[in-house]
Amino acid sequence: MFKYTEADLEAGRKALGGGGVGNPINLVVDHGEGVVLYDKAGKTYIDCTSQAWSLNVGYSHPKVIARVTEFIKKYTHIRTSFETVPKLLLSKKIAELAPGNLDKVAFCLTGSVANEGSLKLAMRNRPNSNTLATMMDGYHGRTLSTLNASWPHPNNRFLAWSAPIIRVPQAYCYRCPYKLSYPACNLACVDFAKMLIERGAPEKPYALLMEPFQGNGGMIGFPEGYLPAIRKMCDELDILLVFDEIQTGFGRMGEWFAADLYDTVPDIMSIGKALGGGFPLFGNLWRSDMETFGPGDHSFTFAHFPTSMVAALATIEVIEEEKLIENCRKMGKLFTEKLIELQKKFEFIGDVRGPGLMIAIEMVKDRKTKEPSTDIPPFFIREGLKRGVIFGESKYLHLGNVVKIKPPLVINETQVSEVMEVFEAICRDVPKEYL
């Protein structure tokens with residue numbers, strides 16, 4: 001397809017201007033199939049990152065590619081003012097899948113912009129406040145507003161662009177800041193969050209923006225009852241609850257959305273990543289009784305990219321027809337059961353978290369003190385690449401002590417076994433100086 005030399009590729013590396021996440025991975029991709037990535041040299045890798053948690057139906061699913069290939073001959077781009085059949089059908093389908101009474105839909109092409117859209121909707125519906133509440137260690141994007149709404153980003157040059165933000169502690173049971181234990185704690189973290197908002201915010205916030213399962217900030221899941229208690233708190237304070245389900249949506253946690261799993265419906269929800277089956281598509285869901293976007297509030301040149309919408313419709317069909325949500329639960333159970341076994345063998349495995357295929361392994365130097373190990377996850381990533389598995393990494397407090405396993409939902413039992421064989425082998429090879 002392309003004519004090039006190695007010198008051309010090297011020149012391209014030098015020309016790249018940075019801005020990526022983490023250290024570059026020295027791997028030139030050739031193609032992918034299902035959960036497997038092939039590099040230019042023909043080596044295979046089981047991808048436990050789903051390419052930034054976006055390929056729930058795997059690489060280049062045949063149904064998605066066939067639909068897009070057929071459609072793209074008709075047109076490639078239509079501006080947002082026009083209706084298209086893919087846009088109308090996808091809006092209908094997503095409104096049907098959405099939790100509770102979230103029956104209004106809008107689209108865009110990046111997650112950060114989707115979260116900005118959710119904040120715009122919240123501000124339209126609470127016009128007398130300019131203050132946002134967020135969770136500690138939450139992550140919501142890298143535009144000026146979402147970067148500042150995320151966990152305090154290291155070397156953040158862009159704080160001058162931030163509106164007032166109050167951060168409240170999340171329910172992180174493994175490292176409870178109150179030194180309490182669940183469930184005896186009676187969710188004291190919710191009581192403290194409420195007090196902090198009431199007494200510490202410069203004004204009543206217009207919304208609480210949160211991930212129902214925190215991703216980049218440590219892969220932190222919440223205990224039973226926590227999200228309903230947060231919903232109740234927001235109702236009592238008369239602030240809107242906004243879920244960032246960009247990572248958790250479309251089957252990743254064993255339900256269509258985390259809101260379904262935890263039986264908690266927000267007022268507004270951001271969606272994306274896995275929706276497009278590898279094509280860029282994100283968006284917002286909200287209730288029809290709420291005020292919507294004003295003219296020009298959230299309109300972009302490629303916001304209703306029809307090619308991505310065709311891919312999204314096919315992706316949803318694949319999830320339904322191949323029963324990928326059920327497979328997610330089953331494969332996630334296999335992963336976590338094996339990881340809990342390994343936790344008994346290796347002291348540096350401090351905590352194992354799920355559910356579904358949203359799996360975290362928190363590494364520690366000492367299981368009693370829970371001192372984070374920042375050397376082990378990078379070691380897993382390096383060794384995993386050598387041995388044919390791509391692991392992810394998450395940075396609680398920017399420490400990078402969490403290994404992530406978040407493969408496409410099409411993964412099978414044989415591939416789960418292969419991943420866990422590599423994981424266990426790397427555990428045995430962890431250098432003593434990292435412990």
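The values are calculated or read from the model by the stated rules, or taken from the named source; none is laboratory data. Note that this is a predicted model, so its numbers are computed, not measured. Note: ideal-geometry Cβ built from the backbone for every residue, glycine included; neighbour counts use all protein chains shown. We work out accessible area using only protein heavy atoms, side chains counted, and drop any ligands, DNA or RNA first. Shrake-Rupley method; radii C 1.70, N 1.55, O 1.52, S 1.80 Å.
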- Query: Among Asn125, Asn130, which is touching a residue at least 40 places away in the same chain (Cβ under 8 Å), exposed (fewer than 15 other Cβ atoms within 10 Å of the Cβ) and over 27 Å from Gly350 (Cα atoms)?
  - Reply: Asn130
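Yes/no per residue for (1) of a type in the set (D, E, K, R); (2) more than 25 Å from Val190 (Cβ to Cβ):
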position	(1), (2)
Gly225	no, no
Gly249	no, no
Gly272	no, yes
Gly276	no, yes
Arg287	yes, no
Phe293	no, yes
Thr307	no, yes
- Message: With among the charged types (D, E, K, R) and in contact with a helix residue (DSSP H, G or I) (Cβ under 6 Å, 6 or more places away or on another chain) as the only criterion, which of Lys204, Lys194 stands out?
- Response: Lys194
- Query: So, in the range 54-88, of the ones that are open to solvent by 30 Å² or more (accessible area, probe 1.4 Å), over 24 Å from Ser299 (Cα atoms) and β-branched (Val, Ile, Thr), which residue ends up farthest from the chain's Cα centre (by Cα)?
  - Reply: Thr69
- Query: Residues of the range 214-253 being part of a helix (DSSP H, G or I), farther than 17 Å from Ser270 by Cα and out of contact with any strand residue (DSSP E or B) (no Cβ under 6 Å at 6 or more places or on another chain), which ones?
  - Reply: Tyr226, Pro228, Ala229, Ile230, Lys232, Met233, Asp235, Glu236, Leu237
- Query: within 24 Å of the chain's Cα centre (by Cα) and at positive phi: does that describe Gly42?
  - Reply: no
- Task: Please work out which residue is modelled with the lowest pLDDT, limiting yourself to the range 396-435 and to residues that are part of a loop (DSSP other than H, G, I, E, B) and more than 19 Å from Ser54 (Cβ to Cβ).
- Result: Leu399
- Exclusive hit being surrounded by fewer than 16 Cβ atoms within 10 Å (Cβ to Cβ) and part of a loop (DSSP other than H, G, I, E, B), set Glu347, Glu341: Glu347
- Task: Check off (1) surrounded by 11 or more Cβ atoms within 10 Å (Cβ to Cβ); (2) modelled with pLDDT of 95 or more for Gly22 and give me the number that stays unchecked.
- Result: (2)
- Consider only pairs whose beta carbons are under 8 Å apart and that are at least six residues apart or on different chains; among these, list those whose first residue lies in the range 414-435 and is open to solvent by 90 Å² or more (accessible area, probe 1.4 Å) and whose second residue is of a type in the set (Asp, Glu). Glu433/Asp375; Leu435/Glu347
- Task: Provide a single number: the residues in the range 89-102 that are open to solvent by 70 Å² or more (accessible area, probe 1.4 Å), out of contact with any strand residue (DSSP E or B) (no Cβ under 6 Å at 6 or more places or on another chain) and within 21 Å of Asp263 (Cα to Cα).
- Result: 1
- Query: Quick one: which of Glu255, Glu317 is open to solvent by 50 Å² or more (accessible area, probe 1.4 Å), modelled with pLDDT of 95 or more and under 17 Å from the mean Cα position of the chain (by Cα)?
  - Reply: Glu255
- Message: Looking at Trp53 and the list (1) at pLDDT below 95; (2) farther than 15 Å from Phe279 by Cα, which single condition is not satisfied?
- Response: (2)
- Task: Kindly indicate the residue of the range 351-364 that is surrounded by fewer than 22 Cβ atoms within 10 Å (Cβ to Cβ) and either modelled with pLDDT under 95 or in a strand (DSSP E or B) (or both) and also farthest from the chain's Cα centre (by Cα) among those meeting that condition.
- Result: Val364
- Task: Mind listing whichever residues of the range 365-385 are open to solvent by less than 10 Å² (accessible area, probe 1.4 Å), touching a residue at least 40 places away in the same chain (Cβ under 8 Å) and more than 19 Å from Gln415 (Cβ to Cβ)?
- Result: Ser373, Ile376
- Message: Can you pull out every residue in the range 297-314 that is more than 20 Å from the chain's Cα centre (by Cα) and polar (S, T, N, Q)?
- Response: Ser299, Thr301, Thr307
- Task: Could you please find all residues in the range 165-203 being charged (D, E, K, R) and open to solvent by 70 Å² or more (accessible area, probe 1.4 Å)?
- Result: Lys179, Asp191, Glu198, Arg199
- Query: Of the residues that make up the range 204-213, is at least one part of a helix (DSSP H, G or I), surrounded by 15 or more Cβ atoms within 10 Å (Cβ to Cβ) and on the phi < 0 side of the Ramachandran plot?
  - Reply: no
- Item | Of the criteria (1) under 20 Å from Phe279 (Cα atoms); (2) touching a Ser or Thr at 6+ places or on another chain (Cβ under 9 Å); (3) without any contact (Cβ under 8 Å) to a residue 40 or more places away in the chain; (4) open to solvent by less than 60 Å² (accessible area, probe 1.4 Å), which one Arg142 fails | (4)
